[in-house]
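Notes to accompany the following structure.
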Amino acid sequence: MPTVLLVEDNTSSQFLLEDVFSYDHIPARLITVTSGEQVQIMAVSLKPDLILMDLRLPGIDGLETTEILRRNPATKDIPVWAITAYAMPGDEEKAMASGCNEYITKPFPTRMLADRLRAFFRELSKTEPPKNVPSQSADR
Ligand code: MN
């Protein structure tokens, strides 16, 4: 099952996301951390398929954390969706410039987020070969 790493310091937002995953049948396990420092470590050890990144975090913020993940060869290709409650003009451009792939503003309609997540995992299952199955090699 794919893994999603949520970086969110606000507990009610954490619960909201956990509800989306449980009740909207998102085919992924959700792991939550609360800081940019933690996600840098967890992203390397977990190799998540997707990171949901709150932009306002204590310590290193979400934009800087995303830039750090993009510079690390172990994490540079993991999709990052920015999530923010305080969208200001220019924030989406900043998020994209820091390396985020999608930009989602809170409060979001949870149905919309669930649909986007399902679409993401549908595409992922098409492009990724099943894990633990040896790949067929022509030169064997
Ligand atoms: Mn926050």
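The values are calculated or read from the model by the stated rules, or taken from the named source; none is laboratory data. In this text the structure is predicted, and so the values were computed from the model without any measurement. Cβ coordinates were reconstructed from backbone atoms using ideal geometry, including for glycine residues, and neighbour counts include every protein chain displayed.
Just a few scattered comments:
- Extreme residue, modelled with the lowest pLDDT, among residues of the range 72-97 that are under 18 Å from residue 35 (Cα atoms) and over 14 Å from the mean Cα position of the chain (by Cα): 86
- Condition check for residue 41: farther than 23 Å from residue 91 by Cβ and more than 12 Å from the ligand (Cβ to nearest atom): yes
Residue by residue, here is whether (1) farther than 23 Å from residue 127 by Cβ; (2) surrounded by 13 or more Cβ atoms within 10 Å (Cβ to Cβ); (3) touching a residue at least 40 places away in the same chain (Cβ under 8 Å) holds:
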| position | (1), (2), (3) |
| --- | --- |
| 4 | no, yes, yes |
| 12 | yes, no, no |
| 16 | yes, yes, yes |
| 37 | yes, yes, no |
| 50 | no, yes, yes |
| 64 | yes, yes, no |
| 88 | yes, no, no |
| 93 | yes, no, no |
| 97 | yes, no, no |
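- Top-ranked residue of the range 99-123 - restricted to ones that are surrounded by fewer than 13 Cβ atoms within 10 Å (Cβ to Cβ) and not in a helix (DSSP H, G or I), ranked as nearest to the ligand (Cβ to nearest atom): 107
- Residue that is farthest from the chain's Cα centre (by Cα) [pool: residues in the range 1-31 that are hydroxyl-bearing (Ser, Thr, Tyr) and more than 12 Å from the ligand (Cβ to nearest atom)]: 23
- Single condition residue 51 does not satisfy, out of (1) under 16 Å from the mean Cα position of the chain (by Cα); (2) modelled with pLDDT of 95 or more; (3) more than 17 Å from residue 3 (Cα to Cα); (4) not small (Gly, Ala, Ser): (3)
- Evaluation of residue 42 against (1) assigned to a loop (DSSP other than H, G, I, E, B); (2) over 19 Å from residue 104 (Cβ atoms); (3) in contact with a strand residue (DSSP E or B) (Cβ under 7 Å, 6 or more places away or on another chain) (one fails), failing number: (1)
- The set of residues in the range 1-25 that are touching a strand residue (DSSP E or B) at 6+ places or on another chain (Cβ under 8 Å) and not in a strand (DSSP E or B) comprises 1, 2, 8, 9, 10, 13, 14, 17, 18, 21.
- Taken over the range 45-59, the criterion of being more than 12 Å from the ligand (Cβ to nearest atom) and part of a loop (DSSP other than H, G, I, E, B) is satisfied by 47, 48, 49.
- Filter result for residue 65 (away from the ligand (no atom under 16 Å from the Cβ) and not in a strand (DSSP E or B)): no
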